[in-house]
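Okay, so here's the structure we're looking at.
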Amino acid sequence: MYLNVHSHRKALKKDEIVCRNAFHFLEPDAIKKLTYPVSVGIHPWHSEECKKFSERKLSELLLLPNVLALGEAGLDRAKGPSLQIQMACWEMQFDLAQDHKMPIIVHCVRALQDIFPFCRRTKVPILLHDFRGNEQILQQFLPLDLIFFSFGKSLIKTKNMEEVFKKIPANRLLLESDASAIPIEDIFKKAASLRNQGLPELCQQMKKNGHLFFGEKSLAFF
C-alpha cells in the first residue's frame, strides 16, 4: 500500500490510499459522502475568504469522520493576498486545530521562518508539505517532535533536495503527490532508493507514520 499523504486527486490504483485536499466551501453532506479521507482548510491563496467563511462552519467540517486533518493552510510570500491577510487566516486555523486536536497540513512558500514560532508552540502534529528547506532550516525544525516533513515531485525533479531528504528521521517522513501527475509509486521508488530501503519496508514505515500524524481517525482508512 502506498500512502499518499496529500493530493488534489483521488487514488489512481487499488494499492494507493490518498488523503485528498477537499475544498472548504463544500457542504458537510458532500464531504461526508466521500468514501476516502480528506483534509479541509483555507489555502493561503484564498485567505481573503476568511472574511466570509465562518470559523463555526470550519469547525463543523473538522468533526466529520473522514476529515483527518486541517489543511492545507499556511503562508505564501510568492502568491496570494498580503501577508497580513494570510496571517490572520492562518492564525484562526492554527488555533482551531489546537482546539479540535486536529493535525495540520501546512502550505509554506518562502515563509518557513514565519511558520516556525507556531511550530514551536503547537500541541498537534504539523506536516510541512512539499518541504523545500535547506539543511540549515531542517536542523532548526528537527528538534520539534510534532513536526513532520513530506516530499513529492521534488525528489524526482530537484537534485539538491536529495541530501535534505536523507537527513529526515524515519518516523517523521511522509510522501505525497500533491498536484503533480507523477504516480505516487514512482515517488516511493525514488525515496526507497535514496534511503537504501526495500519498498515494502518503506511502505510499512509510511503507514506507521501516517497513523502517528493523523491519529486514531486514520485507523478506519488504512
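The values are calculated or read from the model by the stated rules, or taken from the named source; none is laboratory data. Note that this is a predicted model, so its numbers are computed, not measured. Backbone-built Cβ (ideal geometry, glycine too); neighbour counts: all protein chains shown.
Points worth noting:
- Only a single item in (1) closer than 10 Å to G152 by Cα; (2) modelled with pLDDT under 95; (3) of a type in the set (A, V, I, L, M) is not met by L175, and it is number (2).
- In the range 178-196 there is no residue that is in contact with a Cys (Cβ under 8 Å, 6 or more places away or on another chain) and either without any contact (Cβ under 8 Å) to a residue 40 or more places away in the chain or within 21 Å of V38 (Cβ to Cβ) (or both).
- Within the range 43-55, the set of residues being part of a loop (DSSP other than H, G, I, E, B) and basic (K, R) comprises just one member, K52.
- Filtering F149, F188, F214, F221 for residues that are out of contact with any helix residue (DSSP H, G or I) (no Cβ under 8 Å at 6 or more places or on another chain) and crowded, with 20+ Cβ neighbours inside 10 Å leaves a single hit, F214.
- Exactly one residue among V40, V18 is touching a His at 6+ places or on another chain (Cβ under 6 Å), surrounded by 16 or more Cβ atoms within 10 Å (Cβ to Cβ) and assigned to a strand (DSSP E or B), and that residue is V40.
- Some residue of the range 109-117 being within 19 Å of the chain's Cα centre (by Cα), among the acidic types (D, E) and surrounded by 16 or more Cβ atoms within 10 Å (Cβ to Cβ): yes
- Within the range 54-74, being surrounded by fewer than 17 Cβ atoms within 10 Å (Cβ to Cβ), free of Cβ contacts under 8 Å to residues at least 60 places away in the same chain and not acidic (D, E) holds for S54, R56, K57, S59, L63.
- Count - residues of the range 162-184 that are in a helix (DSSP H, G or I) and crowded, with 19+ Cβ neighbours inside 10 Å: 4
- I156 touching a Cys at 6+ places or on another chain (Cβ under 7 Å) and among the β-branched types (V, I, T): no
- Selection count, the range 123-145, where residues are free of Cβ contacts under 8 Å to residues at least 40 places away in the same chain and either touching a strand residue (DSSP E or B) at 6+ places or on another chain (Cβ under 7 Å) or surrounded by 20 or more Cβ atoms within 10 Å (Cβ to Cβ) (or both): 5
- Residue that is assigned to a helix (DSSP H, G or I), touching a strand residue (DSSP E or B) at 6+ places or on another chain (Cβ under 8 Å) and more than 20 Å from I184 (Cα to Cα), where the choices are L34, L58, L70, L75: L58
- Check on A97, touching a residue at least 24 places away in the same chain (Cβ under 8 Å) and not in a strand (DSSP E or B): yes
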